[in-house]
Amino acid sequence: MTAQQRIVLGIGGGIAAYKVAALLRLFKESGRHVDVVPTEASLQFVGRATWEALSGRPVHTGVFEAVEDVNHVRLGQEADLVVIAPATADLVARLAAGMANDLLTNTVLASRAPVMIAPAMHTEMWENPATTANIATLRSRGITVVDPGVGRLTGKDSGPGRLPEAQELFDAAQRLLAAASHLVGPRTDLPLSGRTVVVSAGGTREPLDPVRFLGNRSSGKQGTAVARAALAAGATVKLIAAHLETGVPPGVELVTASTALELRDAVTAACEGADAVVMAAAVADFRPADYADSKIKKKGDDGAPTLTLVRNPDILASLVDQRREDPASGPAVIVGFAAETGDDDGSVMDHARSKLARKGCDLLVVNEVGATLGFGTEDNTVTILSADDAPEVHVAGTKDEVAEAVVTALAAALNR
Ligand code: CTP
């Protein structure tokens, strides 16, 4: 018997609050304990009595109510998941600023649980640069943002800004709870239940001196999305993180590595006993041949130093080599990423297929450079190639959708 899961359901002050009553019902019917925390403004749309009746719990909006229960920290600390719907532009801004001026924002700050928000507002407000920046900030902190739907809004207008239906929000919350299954005990019925997956993500940095390095523009968003998707599919996930511009998904075993050599050591150690490895990290192919212990100085004349680079080891290729030498030793499925362009010698896919053969990995996730390189963006377009004759998979969508497709292909390859 696992403990009953606890959900904090935050309600923002938008008309879509009425739809969240159905979401609360779904949570309750699935056996969850739910504390509803409305903002004061949201009570203009749906009253306290509705939330108390449906949740079977007292409902408060301010930190000075029911002070004896220390709700402003207790609710957040005890939660397995925080869901906020509808998240209005004002609430999104307060969350992004880290404010704590009501019970809901206090609860979010006091919680280490995964947080999912479902913004709903008029299209103009959703597309306003202030909201866009706030949403990007929240995403970069690891908060899951369920994009609003497109359709009829409150008045006659329509466009992006609609709160998704209760069932869709419920399904997204279920995926997050599954991903955080370390909090509630492992599940045995998911595609990667009982499997260990190593994921590398982010860009390596190769130091020149104590203040300078050679780096790259990888944000780590696609790799961390793969880690999240593998967690949601039931795997134990070891995330080997180079430099990330995004949050670490809750529930992974995190190892950090800065340089290509550190990443190689961390990945090699993590792969022992693992079932699969996904090399999503952007690993520097070269590093400075020499490291200066003190800062390299201008020498008074107009000269500039000449950098000599040496090759870094190819981690992906060495994992494949190790497995060839000792098939029982390495992960059964090795996944590489590749960025390709077409040229006179062949198309993107010609180059990708020859790279798959050259690297000897089992799956290759191919980005067409130029079309969508994907650095730092939320969306990606890839083709997943398989070394056995499984059909190619094309995916265009959010990095989470691409990650789900990678994990599906990985699970299928593990079972072949
Ligand atoms: N990789 C690695 N070790 C390196 C370089 C890359 O393990 N030193 C991995 C990456 O994590 C990725 C894949 O190899 O999974 C990318 O291969 P790579 O040959 O670097 O691809 P491109 O950057 O497309 O390189 P090339 O210029 O050779 O086409």
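Any read-out appearing in this document is the output of simple, stated calculations on the displayed coordinates, not a laboratory observation. Given the structure is predicted, the values throughout are model-derived calculations rather than measurements. Because the Cβ atoms are built from the backbone with ideal geometry, glycine has one as well, and the counts that use them run over all protein chains shown.
Overview of results
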{"quantity": "Listed residues Phe64, Ala22, Pro86: farthest to the positive end of the dipole of segment 21-98 (Cβ charges)", "calculated": "Ala22"}
{"quantity": "Average Cα contact separation per residue, segment 60-196, under 8 Å, 6 or more apart, as relative contact order %", "calculated": "22"}
{"quantity": "Dipole of segment 136-252, positive end: most advanced residue of Gly220, Leu153, Val197 [Cβ charges, Cα centre]", "calculated": "Gly220"}
{"quantity": "Label-point gap, in nm, between Ser294 and Gln322 - each point 7 angstrom along Cα→Cβ", "calculated": "3.9"}
{"quantity": "Amide H within-cut-off set for Ala257, under 5 Å, with H built and near neighbours excluded", "calculated": "Ala241, Ala242"}
{"quantity": "Footprinting exposure proxy for Leu95, Leu410, Leu254, Leu190 (fewest neighbouring C-beta atoms within 10 Å first)", "calculated": "Leu254, Leu190, Leu95, Leu410"}
{"quantity": "Inter-site label distance for Ala130 and Ala53 at 7 Å from Cα along Cβ, in nm", "calculated": "3.7"}
{"quantity": "Using alpha-carbon coordinates, inclination of helix 348-359 to the longest axis of the chain, degrees", "calculated": "70"}
{"quantity": "DSSP-defined beta bridges in the chain - what % are antiparallel, rounded to 5", "calculated": "35"}
{"quantity": "Estimated distance in nm for a label pair at Asp343 and Asp171, the labels positioned 7 Å out from Cα along Cα-to-Cβ", "calculated": "4.3"}
{"quantity": "Net +/- balance of residues flanking Val63 in space, Cβ distance below 12 Å, scoring K and R +1, D and E -1", "calculated": "-3"}
{"quantity": "³J(HN,Hα) computed for each position of segment 256-262 - Karplus, 6.51 cos²θ - 1.76 cosθ + 1.60, integer Hz, glycine/proline x", "calculated": "9, 8, 9, 9, 4, 5, 5"}
{"quantity": "Segment 190-321: translational diffusion in µm²/s, Stokes-Einstein, Kirkwood Rh over Cα pairs, 10 °C, 1.306 mPa s", "calculated": "100"}
{"quantity": "Contact order relative to length of the chain, as percent, for alpha carbon pairs under 8 angstrom and 6 or more apart", "calculated": "11"}
{"quantity": "Net lengthening on full extension, His394/Asp285 (0.36 nm per residue, minus Cα-Cα)", "calculated": "36.5 nm"}
{"quantity": "Cα-based Rg of the chain normalised by 2.2 N^0.38 Å, two decimals", "calculated": "1.10"}
{"quantity": "Net dipole in debye of the chain [+1 Lys, Arg Cβ; -1 Asp, Glu Cβ; about Cα centre; nearest 20]", "calculated": "700"}
{"quantity": "Computed over segment 136-260, the ratio Rg/Rh where both radii use C-alpha atoms and Rh is Kirkwood", "calculated": "1.10"}
{"quantity": "Long-range Cα-Cα pairs in segment 55-147 (distance over 19 Å), rounded percent", "calculated": "40"}
{"quantity": "Relative packing of peptides 273-286, 24-37 - highest average C-beta neighbours within 10 Å first", "calculated": "273-286, 24-37"}
{"quantity": "Unsatisfied cross-links (Cα-Cα over 32 Å) in the set Lys297/Lys359; Lys28/Lys156; Lys238/Lys295; Lys299/Lys359; Lys221/Lys355", "calculated": "Lys297/Lys359; Lys28/Lys156; Lys238/Lys295; Lys299/Lys359"}
{"quantity": "Segment 266-368: GluC sites (Glu not before Pro) in DSSP coil with no more than 12 other Cβ atoms inside 10 Å", "calculated": "Glu272"}
{"quantity": "Label point at Asp189 placed 7 Å out along Cα→Cβ; residues across segment 15-56 whose backbone nitrogen lies under 15 Å", "calculated": "30-31"}
{"quantity": "Cβ-Cβ FRET estimate between Gln44 and Glu262, R0 fixed at 45 Å, reported to 0.05", "calculated": "0.25"}
{"quantity": "Between helix 221-232 and the chain: long-axis angle, C-alpha atoms, 0 to 90°, nearest 10", "calculated": "60"}
{"quantity": "Reachable aspartates and glutamates, given that their alpha-carbon falls under 18 Å from the alpha-carbon of Lys298 and they are not under 8 places away in the same chain", "calculated": "Asp209, Asp290"}
{"quantity": "Dipole magnitude (debye, nearest 20) for segment 1-121, charges at Cβ of Lys, Arg, Asp, Glu", "calculated": "340"}
